[in-house]
Amino acid sequence: MNIVKRLRTFLTLCLVLGVMIWLGHGMETKAAIVSTGHQKYSYTEYRKDLQQLQKKYPEYCQVNVIGKSADDRNLYEVILGNAQAKKHLVVIANLHGREYMTTQLCMSQIEYYLKKYNKKINGTKVSKVLNEVAIHYVPSSNPDGTAISQFGFGAIRNKSLRAALRKMPGSTTRWKANARGVDLNRNWAVAFRRGGTRGYAGFHGNKAASEPEVKALVKMVNRIEKRGKIVGVVSYHSTGSILYGRCASNATSKVEQITTRMYKTAQSLTGYRLMPTESISSAAGCSREYFLYERDIPCITLEIGRGACPLSIREFPSIWKKNKDVVIREAMLFD
């Protein structure tokens, strides 16, 4: 009798252990690739995550190198869905170095949409949307500026760039510019004028689109428009929990109408406060105005978070809750 009881106990323990291993394996396979639990989401981690996402979802995800930063880091474009679609939505993040949580957010969105590819969001199948409207993400437009903000000037590998940076004003932690001290959100060919001083923030550059990062983004936009129509641009910045969606009189009525639909969709999900219209003169050289007035492409800008940049990782859960569906819901406006 003792032997029978011991055998039953042994078999029960084996069964429990087997279930635990199976559950653990299931949890492991479902674990997120993109980590959102630590403060400094680095370029190295970002590049590794892109490789893993492309490997895991090769049919739905395409990763391209669209150019190089000033310090020779890759600028990546991630295409979700049908790259040959007639309609395309562009998402740009991390134009300012210290705003690197926008990279983390976009990478989390990418993984979330890929996981949900054959499921529904807001009652609509994700695959149906992405077959009609390809989404082109550039999660990190300023990897050099982010490296400076996270790790200081020592993260810049080019000796001459590093030496020049050490002479520029501004805190490394709060660094907005690229590795040449140029604000990438003030370097676009729209009412461009020189302004500011080369350093952590505010310098427009010596001429429009002088920076390799901006050149790469413009080249990407040109390439996409040869394939089809860019129906809209979503630009992620931080901070303030605010939304730029109004248009000046320079915008065409069609661009204004579509931009209004885009900001209303984003506002309904995030609750972010809509900001007043900015004139071209006050926003000279800015990316949003470039898309609206130079390219006739509807564009909204979302400023995530509340605290000072770099945002604390403690803010991410709230930011994620508000923004996880934003991009796919924007694409749904056009499918």
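Computed from label points 7 Å out along Cα-Cβ, the spacing between Arg223 and Lys254 is 2.6 nm. Loop-located trypsin sites (Lys or Arg not before Pro) across the stretch 135-189 with a Cβ neighbour count of 12 or fewer within 10 Å are Arg166, Lys167, with loop assigned by DSSP. Protection proxy ranking of 210-218, 241-249, 54-62, by the mean of other Cβ atoms within 10 Å over each peptide's residues and highest first, is 210-218, 241-249, 54-62. The charge dipole of the chain, taken about its Cα centre with unit charges on the Cβ atoms of Lys, Arg (+1), Asp and Glu (-1) only, comes to about 520 debye.
Based on DSSP H runs of at least 4 residues, each adding -39500 (n - 2.57), what is the mean residue ellipticity at 222 nm of the chain after dividing by all its residues, to the nearest 500 deg cm²/dmol? Walk me through the intermediate numbers first.
Details: 10 runs with 130 residues, N = 335.
One gets -12500 deg cm²/dmol as the mean residue ellipticity at 222 nm.
The charge dipole of the stretch 186-335, taken about its Cα centre with unit charges on the Cβ of Lys, Arg, Asp and Glu (plus for the first two, minus for the last two), comes to roughly 180 debye. In order along the stretch 306-314, the Karplus-derived 3J(HN,Hα) couplings, from 6.51 cos²θ - 1.76 cosθ + 1.60 at θ = phi - 60°, round to 10, x, 6, 7, x, 5, 6, 4, 5 Hz, and Gly and Pro are given as x.
Taking a Cβ cut-off of under 15 Å around Ser253, the surrounding Lys, Arg, Asp and Glu residues balance to a net charge of +1, with basic ones at +1 and acidic ones at -1. The stretch between Thr197 and Lys167 holds 9.6 nm of extra length on full extension. This uses 0.36 nm per residue minus the Cα-Cα distance.
Listed by chain and number, the lysines placed with their C-alpha closer than 16 angstrom to that of Lys219 are Lys68, Lys229; residues fewer than eight positions away on the same chain are left out. Annotation: amide H of Lys229 within the under-5 Å range of Lys87, His88, sequence separation 5 or more or interchain, hydrogens built in the peptide plane.
Positive end of the charge dipole of the stretch 69-218 (Lys, Arg +1 and Asp, Glu -1 on Cβ, about the Cα centre): tell me which of Gln84, Gly181, Ala163 has its Cα farthest that way. Of the candidates, Gly181 comes out farthest on the positive side.
The alpha-carbon of Lys321 sits under 17 angstrom from the alpha-carbons of these aspartates and glutamates, leaving out residues fewer than 8 places away in its chain: Glu111, Glu303, Glu330.
Which part of the stretch 101-119 falls in the paramagnetic zone of Asp335, meaning amide N under 16 Å from the point 7 Å along Cα-to-beta-carbon? 110-119, by backbone N distance to the label point. What is the stretch 170-218 by shape, rounded, prolate or oblate, if you read a ≥ b ≥ c off the alpha carbon gyration tensor as root eigenvalues and call it rounded for a/c under 1.5, prolate for a/b larger than b/c, and oblate otherwise? Here the stretch 170-218 falls in the oblate category.
Bear in mind these aren't lab numbers, they're just calculated from the coordinates by the rules spelled out. Please read all numbers here as calculations on a predicted model, not as lab measurements. Positions of Cβ are backbone-derived with ideal geometry, glycine not excepted, and every protein chain shown enters the neighbour counts.
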